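Input: a single structure, listed below in structure tokens.
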């Protein structure tokens, strides 16, 4: 049975920001601040989530000058706490990293769906990867909230699946998230 991602409490998120309340945040076009066309990858040929994380770490290194080994370790460690698979073929891997002063995001679509341990037991083909600074603030939870809200919308998911050009995918995220201003 698919999970309503709006109700998901991302494991570990409360520990990042103890005492913070997110229910009153306006969901703004925050994704457009961080997601560039170069941060959208389609047709990623990976057999499993470990390789997907390795590729994500390599892409972050190439595009954002962060060392891939600590990025991979942070994503993998976070995944060991609990799957970041949401259901409906979606996952939102996220982790803290040192050496960054602002969030870094990446959207990846795999060639074929991969096992991810999602609550609906369906494989994942779309990943929105979020790296946040070691001393993260409210902005990072806003990204998680925005992505969760977008992914909970069946029409958005259908448009995302049907779009194959990186620029069009970025526009979809940015235009859709701007409707929450």
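FYI, it's all coordinate maths here, none of it is from the lab. Remember, it's a predicted structure, so these values are computed and weren't measured experimentally. Because the Cβ atoms are built from the backbone with ideal geometry, glycine has one as well, and the counts that use them run over all protein chains shown.
The table that follows gives values for the structure above.
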read-out: Shape of segment 29-178, Cα gyration tensor, a/c cut at 1.5; value: rounded
read-out: Least to most buried among 61, 79, 165 (fewest other Cβ within 10 Å first); value: 165, 61, 79
read-out: Cα gyration tensor, segment 96-163 - rounded (a/c under 1.5), prolate or oblate; value: prolate
read-out: Neighbour-count order for 68, 73, fewest beta carbons within 10 angstrom listed first; value: 73, 68
read-out: Relative contact order for segment 29-178, counting Cα pairs under 8 Å that sit 6 or more residues apart, in percent; value: 30
read-out: Ascending count of other beta-carbon atoms within 10 Å, so fewest first, for 109, 62; value: 62, 109
read-out: Counting DSSP beta bridges with both ends in segment 29-178, the antiparallel % (nearest 5); value: 45
